[in-house]
Amino acid sequence: MHEQETKQLRWYNLAMMAFVSVWGFGNVVNNYANQGLTVIVSWVLIISLYFIPYALMVGELGSAFKTGKAGVSSWIRGTSTPLLAYLAGWTYWVVHVPYLAQKPQSALVALSWVTFQNGSLMENLSTVTIQLITLAIFLVFVWLASRGITSIKRLSNVAGIAMFIMSMLYVVMMVAAPAITGVSIATKDWSIRGIMPKFDFAYFTTISMLVFAVGGCEKLSPYVNNTKNPDREFPKGMIVLAIMVTVSAMLGSIAMGMMFDSANRPDDLMMNGAYYAFQLLGEYYGLGNFFLIVYALTNLVSQLSVLLISIDAPLKVLFAESDSRYIPKALTKVNKHGAPINGYKMTTILVGTLIVVPALGIGNMNELYNWLLKLNSVVMPLRYLWVFFAYMGLKRMVDKYNPTYKFIKNSKLGYIAGLWCFVFTAFACIMGMFPGDIPAFTPDWNFRVILNFATVFILIGLGIILPAIAKRTNKDLQDKKLIPKEQEG
């Protein structure tokens, strides 16, 4: 009876939880800025060929490892080796480094729109000055995290829900605007030719942003076994999620096309597009900057609260089931507030470097913002590779695991599906390292390509070096080994 009572989630609960956590207005703005109206076809392709199988694989993995506490690391430990499980945990943490370097920038942009109702703060200061302010903001939030300040974290849920409501409001009001307010539609060509992508090199450099947009549903894996009937409820919930994402992406892209000419998109659409959108929406409906100010304030709170959470949470996930063979004991040291202080120092060095160094080679703030956002779209999906690696491992171990829910019952077909998603993710990440918006082999292009590849190799490479350091420094723990909770008893 108790087990029945815990299984209260229905497919519609699951779909809504996943939608709010996976999707955001920025996904629409950034990908429209990248591709224009052709993103409509891109959304259909990426959701049907990648997102749906991805989400359903996560369901099967979550069902197979229902007691795993470390997410993807638990899946890798169960299907592979402890070393690879550590590397999966390391990847999950280290991909947040560019993310942490971006968040203070985004907060500054939001502050500019709250204060001046425009992006002038980013235009009037030099790139180096802005990045130094960005670094100062980051250091303040590292200090707050180290002091165990958690109250601002509660604001993230409120801000997240408000952002979600406003993004839906934008889509509805913009699609209705021509009929209600008589505003003219900015994009003139809505033909099949106008929305069909040209599948060339430049196009493939943009798909990592799409992969980045639809990723992250593995955080829903703990809820697979809380549904009344996982075999039916979970896939139904994920398919409904895919439909909701598709509709939101399509209508959002159409709304952006109605407001911004697809053939002449503003250069700073990634940095300021969401603010332009709400500013224009207020003008259309005679409300001035009301929508803009509400959105900017909401986004400011959201960016700062997410910054605090992202400094603290991924590091604690990495250390939660830390194996003394791979992570130096010194890194796991905590202060009186329970914060892994040396881990914070490592984070500060990596993030600080990524904030300052690019500013020395990319002189335009808009270009620097776009570069860091695109770097995020390359680095963040690296963690998804471990999801598909774990799924392929699960399909090789059908005799050991028998999950309640199975995406594909045939182990060979399931393995091929996992391999497809793995290869596609890797391809998107590699292509995303090449700037498709500037001429190839120019000094600027060369600098960005070198910076992209160097960032990835340094971040992942550091994770490979740490076990060697641990072997030297953890002498007192050399024979100790963490036993995963799912293997206890």
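Just so you know, all these numbers are worked out from the coordinates, no wet-lab data involved. Being a predicted model, the structure only gives us computed values, none of them experimental. Positions of Cβ are generated from backbone atoms using ideal geometry, with glycine treated the same way; all protein chains shown enter the neighbour counts.
Note the angle between two axes, namely the Cα long axis of helix 153-181 and the longest principal axis of the Cα atoms of the chain, as a number of degrees from 0 to 90, rounded to the nearest 10. That helix lies at roughly 30 degrees to the long axis. Using the Cβ-Cβ distance between ASN13 and LYS316 with R0 = 30 Å, the FRET efficiency computed as 1/(1 + (r/R0)^6) comes to roughly 0.65. In the chain, the longest principal axis of the Cα atoms and the axis of helix 443-473 are about 20 degrees apart.
Given the C-alpha atoms of the stretch 2-487, compute the convex hull and give its volume per residue in Å³. For the stretch 2-487, the hull spanned by Cα atoms encloses 158 Å³ per residue. Projected label points at ARG396 and LEU419, each 7 Å from Cα along the beta carbon direction, are separated by 1.2 nanometres. Using every pair of separate Cα atoms, the Kirkwood estimate puts the hydrodynamic radius of the stretch 53-92 at 10.2 angstrom.
Other residues lying with their Cβ under 15 Å from the Cβ of VAL456 contribute a combined charge of +3, Lys and Arg counting +1, Asp and Glu -1. Extension gain for SER191 to GLU123 (0.36 nm times residue separation, less C-alpha to C-alpha distance): 20.9 nm.
Between helix 82-94 and the chain there is an angle of about 20 degrees, using the helix long axis and the longest principal axis of the Cα atoms.
Every helix of 4 or more DSSP H residues in the chain counts as -39500 (n - 2.57), and over all residues that averages to -22500 deg cm²/dmol at 222 nm. One decimal place: the segment THR181-LEU287 gains 36.9 nm when fully extended, by the rule 0.36 nm per residue minus the C-alpha distance.
Say R0 is 30 Å: what FRET efficiency, to the nearest 0.05, do LYS475 and HIS337 get from their beta-carbon distance? That gives a FRET efficiency of 0.60. Taking other Cβ atoms within 10 Å as a rough exposure proxy, PHE424, PHE441 sort from fewest to most as PHE441, PHE424.
Among the listed pairs LYS345/LYS471; LYS228/LYS316; LYS329/LYS395; LYS374/LYS406; LYS219/LYS409, those whose Cα-Cα separation exceeds 29 Å are LYS228/LYS316; LYS329/LYS395; LYS374/LYS406.
Can you tell me how much longer the chain between ILE349 and ASP267 gets when fully stretched, taken as 0.36 nm per residue apart minus their C-alpha distance, in nm with one decimal?
Full extension from ILE349 to ASP267 adds 26.4 nm.
Computed on the chain, with alpha-carbon pairs under 8 angstrom and 6+ residues apart, the relative contact order is 33 percent.
Report the net charge of residues surrounding MET433, where surrounding means a beta-carbon distance below 11 angstrom and charges are Lys +1, Arg +1, Asp -1, Glu -1. The answer is +2.
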